[in-house]
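Chemist: I have a structure here, written as C-alpha cells, and I will follow up with some questions on it.
Read-outs: derived from the displayed coordinates by stated rules, not from any lab. The model shown is predicted, which means the values in this text are computed figures rather than measured ones. Don't worry about glycine lacking a Cβ; one is built from the backbone with ideal geometry, like all the others, and counts go over all protein chains shown.
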C-alpha cells in the first residue's frame, strides 16, 4: 500500500512583498568598521506606524551577499521578482523603501520602485538560460 501524498504547505498569511535588510552581518550598518549606518530603529518605527508588517514583511538579516556594495536590501514581491539594492548610505534611501512598501500596501500588489532608488539596483545573479542548467540524474527503482 502506498502512502498518500501530503498536501502542499500553505500559509494563511498572505503578503505582497518582503523587504530583507542586511544589518546584522559583517559590514552592512557596521559603523564600528567605518561603514554607513542602517537606520534599523527608524525603519521599524515607520513600518509599525504605517501598519505595513502584514502586507509587506520586514526582515533584518545577516549577510545577504555582495559586501562590496554595503547596506544591501532585497525586495521580494508576490509576482516572483527579486530586486536587489546596494550602496544605500543616506536615510532618504531607506525612507524611499518605506514609501515603496506603503505604496505596495495601498495598491494591494507590487508597484515600481521610487526613482530615487533606481541608481542602487544591481543584478545579484548572472543568469544562466534554464536550458543550460544541468539536471541531477533521477534515481531509478
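Chemist: Taking the 0 to 90 degree range and rounding to the nearest ten, how far is the long axis of helix 91-107 tilted relative to the main principal axis of the chain, both from C-alpha atoms?
Modeler: Between helix and principal axis, roughly 50 degrees.
Chemist: Let me ask something else about it. For a quick check: sort 44, 35 by the number of other beta carbons within 10 angstrom, fewest at the front.
Modeler: Numbers: 44 13, 35 16.
Least crowded to most crowded, the residues run 44, 35.
Chemist: Run the helix sum for the chain: -39,500 (n - 2.57) per DSSP H stretch of 4+ residues, divided by residue count, reported at 222 nm to the nearest 500 deg cm²/dmol.
Modeler: Numbers: 2 runs with 27 residues, N = 141.
Counting only the DSSP helices, I get -6000 deg cm²/dmol.
Chemist: Roughly how tilted is helix 40-49, in degrees to the nearest 10 and between 0 and 90, from the longest Cα axis of the chain?
Modeler: Tilt of helix 40-49: around 80 degrees.
Chemist: Right, something else. Rounded, prolate or oblate: which one fits the chain, using the alpha carbon gyration tensor with axes a ≥ b ≥ c (rounded when a/c is under 1.5, else prolate when a/b beats b/c, else oblate)? Kindly include the intermediate steps, with their values, before the conclusion.
Modeler: Values: a/c = 2.02, a/b = 1.47, b/c = 1.38.
Prolate.
Chemist: Please work out the Cα center distance from the stretch 1-31 to the stretch 65-114, rounded to the nearest Å.
Modeler: When both Cα centres are located, 17 Å separates them.
Chemist: Under 10 Å, Cα contacts only: if you run a Gaussian network model on the chain, which one of 45, 17, 101 comes out with the highest mean-square fluctuation?
Modeler: Fluctuation is largest for 45.
Chemist: Here's another thing I want to ask about it. Roughly what % of DSSP beta bridges within the chain run antiparallel, to the nearest 5?
Modeler: Among the beta bridges of the chain, antiparallel pairing accounts for roughly 65 percent.
Chemist: Right, next: Between rounded, prolate and oblate, where does the stretch 37-105 land on the alpha carbon gyration tensor, with a ≥ b ≥ c its root eigenvalues, rounded for a/c under 1.5, else prolate if a/b exceeds b/c?
Modeler: Working: a/c = 1.82, a/b = 1.23, b/c = 1.48.
Oblate shape, in that a/c is at least 1.5 and b/c is the bigger or equal ratio.
Chemist: By its C-alpha gyration tensor, with a ≥ b ≥ c as the square roots of the eigenvalues, how is the stretch 75-121 shaped: rounded for a/c under 1.5, else prolate for a/b larger than b/c, else oblate? Walk me through the numbers on the way to the answer.
Modeler: Working: a/c = 2.42, a/b = 1.43, b/c = 1.69.
Oblate, because a/c is 1.5 or more while a/b does not exceed b/c.
Chemist: Neighbouring Cβ atoms within 10 Å as the yardstick, rank 60, 120 fewest first.
Modeler: Sorted ascending by nearby Cβ count, the order is 60, 120.
Chemist: Pick from 55, 66, 37: which is most flexible by mean-square fluctuation in a GNM of the chain where alpha carbon atoms under 10 Å apart are linked?
Modeler: 66
Chemist: Hey, another quick one. Among 125, 47, 100, which one shows the highest mean-square fluctuation when the chain is modelled as a Gaussian network with alpha-carbon springs under 10 Å?
Modeler: Maximum among the listed residues: 125.
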